[in-house]
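Where a number appears in this text, it was derived from the coordinates with a stated rule and is not lab data. In this text the structure is predicted, and so the values were computed from the model without any measurement. Neighbour counts are summed over all protein chains in view; Cβ atoms, including those assigned to glycine, are modelled from backbone coordinates with ideal geometry.
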Amino acid sequence: MSRPVALVTGVGRRAGIGASIAVALAADGWDVATSHWGAYDERMPWGSDPDLGEVHAEIADQGARAISIEANLEDPEVPVRLIDDVEADLGAVTALVLSHAESVDSSIRDTTVESFDRHFAVNARASWLLIKEFANRFPGPHGAGRIVALTSDHTAHNLPYGASKGALDRIVIAAARELSDLGVSCNVVNPGPIDTGWMTPDVVDAITGATPLGRLGTGRDIAHVVAFLCSPDGGWVNGQLIHANGGFAGI
């Protein structure tokens, strides 16, 4: 039997949530296309990941086909080309997982217009364009399609990131209604703080102390939630913003 195809954006580092999601979907029977933008990681403190190939090796170990595509989602022409490339190599996409992000901390008084516009271009506009193109090409059957996006409510001192993620929430929740003729389930997952390489020891201690389960969340924790939402059993969950954060209360 042929495997359905999932596109997972934002799989640029082995430590990232997107990588865990891609591997989990492969284990659940999906062929997986991933996208990343190396220039983003290179300008961030963690830098590029020389071990990214390990992600696709893990996907292949699950018996899945996999491709990795470099995609600058700041460019409004790229979402269509990205889905073109996935279809050409793997076939029609039936699950779209949006885990890409522009994320550079700044506050109300020091955010630049350039940074604000870039965050909205990547986090909101590109997500809308990917959802639009996914819907225009969705092959069916009715009820089989899935859209899952990762969001955040961290806005104070993180203005452009948090505000653009808020826009993403509304786009995806609107899609749950607007794509009802296709039977595509659309949900947003807020994972809370996940240590993908950005946390200092003090931040780790503070977040652990504010989480009732007494530990940090992991990419695998979120991957299990997304894999369920993409599964046949998860199809009745629709139009929801789900907090899967171990009960994290904020700091």
Please list, ordered by chain and number, the residues whose modelled amide H lies under 5 Å from the amide H of Cys186; skip anything fewer than 5 residues away on the same chain. Ile147, Gly239
Relative contact order, percent, of the chain when contacts are C-alpha pairs under 8 Å separated by at least 6 residues? 20 percent
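Would you kindly give the portion of the calculated P(r) for the chain that falls above 33 Å, as a percent of all Cα pairs? Walk me through the intermediate numbers first.
Values: 3968 of 31375 pairs.
The share of Cα pairs beyond 33 Å in the chain comes to 13 percent.
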Could you please state, rounded to a whole Å, how far the C-alpha centre of the range 148-194 is from the C-alpha centre of the range 27-104? 19 Å
Evaluate the distance, in nm, between pseudo-label points positioned 7 Å from the Cα of His243 and of Ile108 along their respective Cα→Cβ axes. 2.3 nm
Using label points projected 7 Å from each Cα along Cα→Cβ, tell me how many nm separate Arg177 and Asp89, to one decimal. 3.7 nm
Could you work out [θ]222 nm for the chain from helices alone, using -39500 (n - 2.57) per DSSP H run of at least four and dividing by all its residues? Round to the nearest 500 deg cm²/dmol. -12000 deg cm²/dmol
For the chain, list the DSSP H helices whose alpha carbon atoms reach 15 Å or more along the long axis and whose average Kyte-Doolittle value is 0.5 or above? 17-27, 219-230
What's the longest bit of the chain with no exposed trypsin sites (Lys or Arg not before Pro), using DSSP loop states and at most 13 other Cβ atoms within 10 Å as the test? 1-108
Residue-ordered couplings for the range 235-242, obtained by feeding phi - 60° into the Karplus form 6.51 cos²θ - 1.76 cosθ + 1.60 and rounding to whole Hz (Gly and Pro as x), are x, 7, 7, 8, x, 10, 9, 9
Please give the contour-minus-distance gain from Asp233 to Arg43: 0.36 nm per residue of separation, less the Cα-Cα distance, rounded to one decimal in nm. 64.4 nm
Most fluctuating residue given options Pro201, Pro79, Pro212, as computed from a GNM of the chain linking Cα atoms under 10 Å: Pro201
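Counting pairs of alpha carbon atoms under 8 Å apart in space and at least six apart in sequence, what relative contact order in percent does the range 136-251 give?
Values: 177 pairs, mean separation 37.8, N = 116.
Normalised by residue count, the contact order of the range 136-251 is 33 percent.
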